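Everything below concerns the one structure shown next.
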Amino acid sequence: MMANGLPGTGFLSGASAQLKQVLESQATELSLDRGQVLFEHGDDGDALFAVVAGAVDITILSVDGRRLALDVMRPGAIFGEIALFDPGPRTATATAAEPTRLLRIRYADVMAQVRRNPDLAVDLIQLAGERMRWMNRQLKEQVFLPLPARLARKVLYLTRDTGDAPAALGLSQAELAEFVGATREAVSKTLSAWRKAGVIRATRGGLEVLDRAALRSLAEPDTI
């Protein structure tokens, strides 16, 4: 996790030291209140963001008007990176889930650095390719994996590995349904089966993971 600079994980894990230095030198900090929208689906995209503190919900609306949650960005996460390669319309909405501090890097500032040092473009192309592969994997999971596997993967992703201690997740069944593109009823039925098997425990406004190994097994498609 980062302190005052950009993270070295996730999207930037494959970036060269030179590119990381350039990006960090162009970063400016901004703050959001809980519920404040950073950008909306369709807005012009001109910057990427790194979360210093707090959390940001990334969501879209389905054709029938349902809100679908794509991700929760926490400290160390980077989002909006498509704007570094194509400053077009945003593909999702970003909203602060709690008071949040971000680092912002604008496309125009990065391009100015690339024009001074064209070798940086090679690094950016490599990052774009890695991101496309990641997005392709996410799409395949959403299309081909059954609900229990998608839900198990999402719960594992959204909770920390706390060893033998229960890992809490403060999301309602309706919110989890938004994350996996399913109905609340279908998610409720799956969670009920997991509760009976001792994998999770229901809590007020969320759940606790009791058996992380069992959840990992449920997340693997070849065990379903």
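Which one of these does Gln18 not meet: (1) surrounded by fewer than 19 Cβ atoms within 10 Å (Cβ to Cβ); (2) free of Cβ contacts under 8 Å to residues at least 40 places away in the same chain; (3) part of a helix (DSSP H, G or I)?
Only one criterion is unmet by Gln18, namely (2).
Can you run down the residue pairs with Cβ atoms below 8 Å, 6 or more apart or on separate chains, where the first is in segment 147-159 and of a type in the set (S, T, N, Q) and the partner is open to solvent by 30 Å² or more (accessible area, probe 1.4 Å)?
Once the first residue is of a type in the set (S, T, N, Q) and sits in segment 147-159, its partners that are open to solvent by 30 Å² or more (accessible area, probe 1.4 Å) give Thr159/Ala168.
Restricting to segment 88-124, count the residues that are over 29 Å from Leu158 (Cα atoms) and aliphatic (A, V, I, L, M).
Counting residues in segment 88-124 that are over 29 Å from Leu158 (Cα atoms) and aliphatic (A, V, I, L, M) gives 8.
Working carefully through the options Phe85, Phe11, Phe49, find the one that is aromatic (Phe, Trp, Tyr), at pLDDT below 80 and within 17 Å of the chain's Cα centre (by Cα).
Phe11 is the lone residue from the list that is aromatic (Phe, Trp, Tyr), at pLDDT below 80 and within 17 Å of the chain's Cα centre (by Cα).
Show the residue pairs meeting these rules: Cβ distance below 6 Å; 6+ apart or different chains; first residue within segment 166-193 and under 11 Å from Leu207 (Cβ atoms); second residue among the aliphatic types (A, V, I, L, M) and open to solvent by 40 Å² or more (accessible area, probe 1.4 Å).
From residues that are under 11 Å from Leu207 (Cβ atoms), the pairs are Pro166/Leu210.
Checking the condition surrounded by fewer than 16 Cβ atoms within 10 Å (Cβ to Cβ), in the same structural domain as Lys154 (by the TED database) and either aliphatic (A, V, I, L, M) or not in a helix (DSSP H, G or I) (or both), which residue from Ala213, Ala177 passes?
Step by step, each of Ala213, Ala177 is checked, and only Ala213 is surrounded by fewer than 16 Cβ atoms within 10 Å (Cβ to Cβ), in the same structural domain as Lys154 (by the TED database) and either aliphatic (A, V, I, L, M) or not in a helix (DSSP H, G or I) (or both).
Here's the yes/no breakdown for (1) within 19 Å of Ile58 (Cα to Cα); (2) touching a helix residue (DSSP H, G or I) at 6+ places or on another chain (Cβ under 9 Å):
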| residue | (1), (2) |
| --- | --- |
| Arg116 | no, no |
| Asp119 | no, yes |
| Asp161 | no, yes |
| Leu171 | yes, yes |
| Leu191 | no, yes |
| Trp194 | no, yes |
| Arg204 | no, no |
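Mind listing just one residue for me: the one in segment 193-210 that is in a helix (DSSP H, G or I) and touching a strand residue (DSSP E or B) at 6+ places or on another chain (Cβ under 9 Å) and, of those, least open to solvent (accessible area, probe 1.4 Å)?
Filtering segment 193-210 for residues that are in a helix (DSSP H, G or I) and touching a strand residue (DSSP E or B) at 6+ places or on another chain (Cβ under 9 Å), the one least open to solvent (accessible area, probe 1.4 Å) comes out as Trp194.
The values are calculated or read from the model by the stated rules, or taken from the named source; none is laboratory data. In this text the structure is predicted, and so the values were computed from the model without any measurement. Neighbour counts run over all protein chains shown; Cβ positions are idealised from the backbone, glycine included. Just the protein is used for accessible areas: all its heavy atoms, side chains included, with ligands, DNA and RNA removed. Shrake-Rupley method; radii C 1.70, N 1.55, O 1.52, S 1.80 Å.
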